Amino acid sequence: MSETAKIELDGKSYELPVIEGTEKEKGIDISKLRGGTGGYITLDPGFKNTGSTKSAITYLDGENGILRYRGYPIEQLAEKASFLEVAYLLIYGELPSSQEFETFTTSITNHTLVHEDMKQFFEAYPAQAHPMGILASMVCSLSTFYPESLDPDRGPEAKDLTIHRLIAKLPTLAAWSYKNALRHPIMYPNNKYDYTQNFLHMMYAMPTSDYEMDPVIVSALNTLLILHADHEQNCSTSTVRIVGSSHANLYSSISAGINALWGPLHGGANQAVIEMLEKIANDGGDVDKWVVKAKDKSDSFRLMGFGHRVYKNFDPRATIIKKACDDVLDKLGVDDPLLDIAKKLEKVALEDEYFKERNLYPNVDFYSGIIYKAIGIPTEMFTVMFAIGRLPGWIAQWKEMIENGEPIGRPRQIYTGENERDYVQFQDR
Ligand code: ACO
């Protein structure tokens, strides 16, 4: 007999089905609770204990520091795969054959150009515009250029075309938002480069000079993109699924995900890490003083890049990226006082009882921010880099949700406002 959970409410006992995943994770299915119990719901602010879906894409075990895409350990993918191979794996469920990969990469390469009319949008943004704001708007605008994307159920070929266009164009839009901020001429994509190289080319080449590819930088970037490619039901992914659940098109759903990622408690943390290091440096570089502030509950300051909602022992991505970080810093011979502060902070926090007791370890964003800085990516572009990496995961989750025919997302609430009262005329209030 399958396992059930018993719940007692108002002297009555109810049985709820227990769901088990392929990795033996268990959950209590409360989807019929409200109807069956005459109005009870569950309350879980921040969804810390709530599963919003069954998903076959990513397995994450925060207690044991495990992350797998479609069953493949992140360590193996980060070491051996290319970002587009991982994108294919996440979106289509299996690693591609060489023929499938060739077809996929050719399709992506053929769609990297952005409609010329969109260039005018860039010109209208102020130079100080945050590239995440531009990126979210541009991705949403793609839906106006490709109206056939408006129906997410238009069949597999139309869906694939929309998906390939988006993967192909995101780095172009991202690099152009950077060029726009500098008021430099934009660089068109060049089909001789692979996905990662093409992004670097559009960021750093000028009409007058090529960008010289450094294999260490290309490889670190490929690793970073893979490490960010999916992370199951986090804030931005849940946003993509919930927006997509209304059958809004893929571009608008991903645009919503980009906005959710922007916040400093999520993807914006990599930018917040560098800003925090700068603040500490400008204040004289006294790391201990800032660690004390981070521990003080009356002080809102937190150590950015430390702690994680689900990883409570270590972040497996941080272990991989720490090595890539060391490689890049060694290769480039970077001498930056901010990096010294970062290293001191990492040491102090790892040895401090407050951080040890609460399992607060450096997360992937602590190291990714340092790598981006070392390779010359401007701070405001850090979260954009995260978005490029996370795109295949968002797409895979959106596709799974649409293909599983999931219902529109619509949580409940416990109302805590005024009871019914009568309206009175203004002069009597
Ligand atoms: N610095 C100081 N104290 C912290 C930090 C931090 N970075 N993170 C958590 N704490 C403390 C909290 O004050 C709390 O202490 P208490 O138990 O004495 O009240 C305890 O640790 C637990 O913290 P919560 O906020 O409950 O943990 P939660 O799981 O809700 O938050 C989060 C996780 C948002 C990532 C948090 O650790 C944080 O704000 N970190 C800094 C921002 C950051 O790096 N975000 C990136 C996340 S990774 C990503 O998105 C890819």
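The values are calculated or read from the model by the stated rules, or taken from the named source; none is laboratory data. It should be emphasised that the depicted structure is a prediction, and the values quoted were computed from it without experimental measurement. In this analysis, Cβ positions are derived from the backbone assuming ideal geometry, glycine residues included, and neighbour counts consider all displayed protein chains. Ligands, DNA and RNA are excluded from the accessible area calculation, which covers all protein heavy atoms including side chains. Shrake-Rupley method; radii C 1.70, N 1.55, O 1.52, S 1.80 Å.
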Taking only pairs six or more apart or across chains, which ones have beta-carbon atoms under 8 Å, a first residue in region 355-368 that is farther than 10 Å from residue 304 by Cβ and among the aliphatic types (A, V, I, L, M), and a second residue that is in a helix (DSSP H, G or I) and within 9 Å of the ligand (Cβ to nearest atom)? 360/349; 360/354; 364/228; 364/317
For region 284-312 the number of residues that are over 17 Å from residue 274 (Cβ atoms), among the aliphatic types (A, V, I, L, M), outside any loop (DSSP other than H, G, I, E, B) and out of contact with any helix residue (DSSP H, G or I) (no Cβ under 7 Å at 6 or more places or on another chain) is 1
Selection from region 361-393 of residues more than 28 Å from residue 205 (Cβ to Cβ) and out of contact with any Asp or Glu (no Cβ under 6 Å at 6 or more places or on another chain) yields 361, 366
Among 321, 280, which is the only one that is away from the ligand (no atom under 13 Å from the Cβ), open to solvent by less than 10 Å² (accessible area, probe 1.4 Å), in contact (Cβ under 8 Å) with a residue 12 or more places away in the chain and of a type in the set (A, V, I, L, M, F, W, C)? 280
When you scan region 291-313, how many residues do you find that are more than 6 Å from the ligand (Cβ to nearest atom), among the hydrophobic types (A, V, I, L, M, F, W, C) and under 22 Å from residue 263 (Cα atoms)? 2
Residue under question is residue 82, and the condition is that it be of a type in the set (Gly, Ala, Ser) and touching a His at 6+ places or on another chain (Cβ under 8 Å); does it hold? no
Restricting attention to region 168-198, which residues are closer than 19 Å to residue 130 by Cβ and aromatic (Phe, Trp, Tyr)? 176, 178
Residue that is farthest from residue 337 (Cα to Cα) [pool: residues in region 264-276 that are more than 9 Å from the ligand (Cβ to nearest atom) and surrounded by fewer than 24 Cβ atoms within 10 Å (Cβ to Cβ)]: 275
Pairs returned, first residue in region 186-214 that is within 9 Å of residue 175 (Cα to Cα), second residue that is aromatic (Phe, Trp, Tyr) and open to solvent by less than 30 Å² (accessible area, probe 1.4 Å), beta-carbon separation under 9 angstrom, 6 or more apart or interchain, are 186/122; 186/176; 187/176; 202/176
